[in-house]
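The structure appears right after this line, and notes come after that.
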Amino acid sequence: TSKTLYAPFRIVDSYDDPLDSTGRHVVTALNVSASGGQWIIGTTSSQPRVVDREGRTTLHHFVKGDVYVTDQSKNKGHTASVTGVAFHPLGQEICWSCSYDGSVRQWDVSGRGKTQFQKLVSQKVISKCKNEKGQRTQIVSNLSVHPNGRKIVVGTSCGSIQIWSCFGSLVSTRPLGAVYSAHGGTKPITFVNFIGDGSKIATRSDADDTVRIWNVEKMEKDSGSFNRKRSGGDGGHSPSLLLATCRGLPALNESANC
């Protein structure tokens, strides 16, 4: 049978962007605003950008951080590749991004945000993610925003999933809840997502073939406690916390074995 190939409706490229001299980059994350009027694009560059609905005009360029500043809360932007982006689910004035630099940043894209050299400066750093030993997490691999826009869940390269509050002007030092060794050992978390009303979280690791479903209320109630010596359950997690484990990658029109 012959295959019909269709050309894309439009190609959005930053190569000819006057404020972006870094060239082409691989797109790593994409998210649309609640109204559908804006898109935020994350790439292997450290600078996300916001474009209009048609992708013709760049509405906001984000500033690049200083690689010599080790305290990310004092930096104005990301210093490494962006791994995740998201708009506020109830509006289009606030968005977030996470990066290989280990930070989660909030940006004001309402037009009132602080700028430097025509580029948007980060409004604040949401979190400084750490592993269970208290050491700084090197990579925040993915993020998802709760349906009410009040908290964010992130996945990290150290194998943890962490929920952080978006309120306040200060940098949060402790997550609302966390699960360490979520997929066993230090398997990195490559995908996280709030499900439905935000009462559950789905996670994925490219180091195994499972999707795991977590209880948000239980995670926050336990304040991220996890005992490695604990026996029973899947990977030591209680059934009230780890609600389901779906194994295998289902083909089209098939369901996973949960």
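The values are calculated or read from the model by the stated rules, or taken from the named source; none is laboratory data. Source: prediction; values computed, not measured. Positions of Cβ are backbone-derived with ideal geometry, glycine not excepted, and every protein chain shown enters the neighbour counts. Note: areas computed on protein heavy atoms with side chains; ligands, DNA, RNA excluded. Shrake-Rupley method; radii C 1.70, N 1.55, O 1.52, S 1.80 Å.
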Answer with yes or no whether residue 203 is of a type in the set (Val, Ile, Thr), modelled with pLDDT under 90 and in a strand (DSSP E or B). no
Taking residue 211, is it in contact with a Lys or Arg (Cβ under 6 Å, 6 or more places away or on another chain) and assigned to a strand (DSSP E or B)? yes
The residue from 162, 138 that alone is open to solvent by less than 60 Å² (accessible area, probe 1.4 Å) and either modelled with pLDDT under 85 or not in a loop (DSSP other than H, G, I, E, B) (or both) is 162
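Please go through segment 115-135 and pick out each residue that is in contact (Cβ under 8 Å) with a residue 60 or more places away in the chain and either in a strand (DSSP E or B) or aromatic (Phe, Trp, Tyr) (or both). Break it down stepwise before answering.
First, pick out the residues of segment 115-135 that are in contact (Cβ under 8 Å) with a residue 60 or more places away in the chain: 118-120, 122, 132.
Of everything in segment 115-135, those that are in contact (Cβ under 8 Å) with a residue 60 or more places away in the chain and either in a strand (DSSP E or B) or aromatic (Phe, Trp, Tyr) (or both) turn out to be 119, 120.
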Scan segment 90-98 and tell me whether some residue there is open to solvent by 30 Å² or more (accessible area, probe 1.4 Å), outside any loop (DSSP other than H, G, I, E, B) and within 23 Å of residue 37 (Cβ to Cβ). yes
Some residue of segment 217-235 being at pLDDT below 90, surrounded by 15 or more Cβ atoms within 10 Å (Cβ to Cβ) and hydroxyl-bearing (Ser, Thr, Tyr): no
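Just to check your reading of the model, which residue among 163, 189 is farther than 22 Å from residue 91 by Cα and β-branched (Val, Ile, Thr)?
On inspection, the qualifying residue turns out to be 189.
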Kindly evaluate residue 25 against the criterion of being modelled with pLDDT of 90 or more, within 21 Å of the chain's Cα centre (by Cα) and open to solvent by less than 70 Å² (accessible area, probe 1.4 Å). no
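Considering only residues of segment 61-82 that are of a type in the set (Val, Ile, Thr) and open to solvent by 20 Å² or more (accessible area, probe 1.4 Å), which is nearest to residue 30 (Cα to Cα)?
Step one: filter segment 61-82 for residues of a type in the set (Val, Ile, Thr), giving 63, 67, 69-70, 79, 82.
In the following step, the residues that additionally are open to solvent by 20 Å² or more (accessible area, probe 1.4 Å) were identified as 67, 69-70, 79.
On the way: 67: 24, 69: 27, 70: 27, 79: 19 Å.
The qualifying residue nearest to residue 30 (Cα to Cα) is 79.
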Kindly evaluate residue 211 against the criterion of being open to solvent by 20 Å² or more (accessible area, probe 1.4 Å), among the aliphatic types (A, V, I, L, M) and at pLDDT 90 or above. yes
Residue match in segment 182-203 (condition: over 18 Å from the mean Cα position of the chain (by Cα) and buried (at least 20 other Cβ atoms within 10 Å of the Cβ)): no
Taking the stated definitions as given, is residue 94 over 26 Å from residue 180 (Cα atoms) and either touching a strand residue (DSSP E or B) at 6+ places or on another chain (Cβ under 8 Å) or among the basic types (Lys, Arg) (or both)? yes
